[in-house]
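Every number in this text was worked out from the coordinates using simple rules, so none of it is lab data. Keep in mind the model is a prediction, meaning the values are calculated, not measured. So basically every Cβ, Gly included, is an ideal-geometry build from the backbone, and we count neighbours across all protein chains shown.
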Amino acid sequence: MSSEVSENQTPAPLSHKEILGVLSGLMVGMLLAALDQTIVSTALKSIVEDFNGLSHYTWVVTAYLLTSTASTPLYGKISDLYGRRPVFQFAIITFLIGSALAGASQNMAQLIGFRAIQGLGAGGLMALTFVIIGDVIPPRDRGKYQGYFGGVWGISSVAGPLLGGFFSDHHTLLGIAGWRWIFYINLPFGILALFLTSASLHIHHVKREHKIDYLGAILMVLGVTSLLMCVSVYGPQDGWQDSRTLSTLGLFVVFLVAFLLQERRAVEPILPLYLFKNHTFSLTSALGFIIGAGMFGAIIMLPLYLQLVKGDSATVAGLKLIPFMLGIVATSIASGKQISKHGHYKRFPIMGLSLVTLGILLLSRLSSDTSYLELSVYELMIGAGLGLSMQTIVIALQNAVDFKDLGVATSANTFFRSIGSTIGVALFGSIYSNRLGIYLPEMINNLKQTNPAALVGATPQAFEELKNNSAVIKTFTPELQSAVFDSFVHAFHDVFIAAAPVTLIGLILSLFLRETPLRTNEAFHAAREEAAGEQFG
C-alpha cells in the first residue's frame, strides 16, 4: 500500500491482520513513553546519590514533562501536514537519542537536558498513537482494539515502578550503574518499534500546500512551560504565594492570551479554535483534563503509601499495583467489545468515573493496619473505572470531529490529559506535604504532653531529615513510629478526599456527553475520501 495517494486514488480499508500489524508498532512505541512516566521516579534516589544533585532532582522529572506536554499538540498538526509514519518515526528516534544520552550522563545538568530531548520524542509517541488508530480503524470497530492499549497503560503503571525499583536496587548490572539501565532498556524496544512501523505503518497521505503556524507554536510552548514551571516547580518548592510562582502564572496568562489571538488570525492554526464549538471536543477535553488530574494525582500516592506506611520496597510496591492493572485491562476489553457490538458508548464513562470516584473515596479509609486484600479491591475499582473511561472518550471524540481535524483533535485530547496529570500530581503532592507539615508537629506536641519517653533519641535534626528520608523512622521508639505512621495516613486521607470531588465533576460532565451513531466502515471510508477531496480544494 502506498503511503501517498493522488487525488483520484481511494485507499482500501485495512484488514484485521493489517490493523494488528499497525497496532504492534504503535503499542511498543506507546509503552516506551508510558513506562518513562513512572520508571524514573523510583530510581531518583540512586541518581541523586551518584551525582550529588539533591537540589535539582525534581528537574529530572520536570524537564521530561515540559517537553512532552508542550510538544503533544504540535505533533498532531505536523503529522496532518507531513504524514503519520515519518513523524511517528521521528518521535521514536528522538526518544531513543534522548534515552541513550540520558543513560550516559555524567552530571545532573546533562541528565536534565537529555531528559528534555527524551520528552520531546515521548510527546509524539503518546499523541500520534491515538491519531493513527483514528486513521485506520472506524469508530464502530475501534472498541475491539481498545483493550490492547488499556493493557499497555496497565502494564506501564505496574512495570514502571517495578523495573525502576529493580534497577535502582542493583548498584551495577553488567558493569554499568544500575540506574542507567532505566534508559538503556528503551533502546531495543525502540529499535523494534522502528522495524514494526517501517514494515506495517503505511497510512495514505495526501500531498498539499501548507503553512505552519510557527508563532502559534512558540507561544504555545512558552505558555505550557510557564504553567508547568508554576505548578510543578515553583509552587510546590517555594509556596503558591511566592513571587516566582505568581510571576510564572502571570506569564502563562499573557502567553495564553497571545496564543488565542494568534490562532484566530493564523491560516493553519496549531489548535483551531473552531474545534471548541464542537460540543464533544470541548467536553472530552475537559474530561481528559479531569481524569488526568484526579486519577493520576491521587493514584501516584499509592506507591508512596506502600513504601512509607507499609515499609515495602520500591519493587514490592510496584507488584502490589497489579490489581490496578488488571482492572484497566479487563474493563478496556469488555467495554470495547460492547461498544463495537452495540454502538453505544456514553454509559461507559459514566460507570467508569463513578467507580473511580468511589474508589478514591474508599482510599481515605486506609490506615497503617489496612490489609492488602482491602487495598486490592480499591485498586481494582479505580483501574476498572479508568479502563471504562479513558479510551471511550477518545472514541467519542474521534467520531465527532471531521476527518481532516482528526490528528489535531486527538493530540489536543492527549495534551489536556497530560496537563491535567501534571497539575494533579503537583496539587495533590502539595496537599500531602502541607497536611503532613501540620499533623507531624501536632503529633510531636501530643506525645510531649502524654508520653515524653516516646521521644527519647528523636532529635530536631531527625525530624528535619524525615522530610527527605523515611529511613530515619527506624531509629524512633515504637510509640513514635506509630504516631509518625498515623501522621502519614492522615495526610494521605486528605489527598484522597480532595481528589474525589475532582473526579465527581468529571462524572457530572460525562452525563452531558452526546451519543451519536458511531461511523461504520463504509461511512468512515467515505469521510476519508471527503477529507482528501477537501485538501485539494
Please rank Val489, Val502, fewest neighbouring Cβ atoms within 10 Å first, as an exposure proxy. Val489, Val502
Residue exposure sequence - Arg264, Arg417 - by fewest surrounding Cβ within 10 Å: Arg264, Arg417
If I stretch the segment between Ile93 and Thr370 completely, what's the gain in nm (0.36 nm per residue apart, minus their alpha carbon distance), one decimal? 95.2 nm
With just the Cα atoms defining each centre, how far is the range 286-365 from the range 71-145? Give it in Å. 24 Å
Find, to one decimal place in angstroms, the Kirkwood hydrodynamic radius of the range 213-267, where the mean of 1/r is taken over every pair of different Cα atoms and then inverted. 11.4 Å
For the range 80-90, in residue order, the Karplus 3J(HN,Hα) values (coefficients 6.51, -1.76, 1.60; θ = phi - 60°; whole Hz; Gly and Pro = x) are 4, 8, 10, x, 6, 4, x, 6, 5, 5, 4
Can you give the Kirkwood hydrodynamic radius of the range 351-470 from its Cα pairs, in Å with one decimal? 18.5 Å
Less than 12 Å Cβ to Cβ from Phe348, Lys/Arg counted +1 and Asp/Glu -1: what total charge do the surrounding residues give? +2
Label Glu479 and His342 with points 7 Å out from Cα along Cα→Cβ: what is the distance between them in nm? 6.0 nm
Simple label model, 7 Å out from Cα along Cβ direction - Glu18 to Asn434, nm: 5.5 nm
Taking R0 as 25 Å, what FRET efficiency do you get between Phe276 and Tyr214 from their Cβ-Cβ distance, rounded to the nearest 0.05? 0.65
Scan around Leu173 for amide H atoms under 5 Å from its own, H built in the peptide plane at 1.01 Å from N, and keep only partners 5 or more places away or cross-chain. Gly178
DSSP loop (so not H, G, I, E, B), at most 11 other Cβ within 10 Å: list which trypsin sites (Lys or Arg not before Pro) in the range 419-520 pass both filters. Arg514
Highest to lowest packing among 278-288, 185-195, scored as the average C-beta count within 10 Å: 278-288, 185-195
Could you line up Val61, Val425, Val456 from fewest to most neighbouring Cβ atoms inside 10 Å? Val456, Val61, Val425
Could you give the length gained by full extension between Asp242 and Arg514, i.e. 0.36 nm per residue of separation minus their alpha carbon distance, to one decimal place? 93.7 nm
Fraction of alpha-carbon pairs over 17 Å apart in the range 296-364 - percent: 54 percent
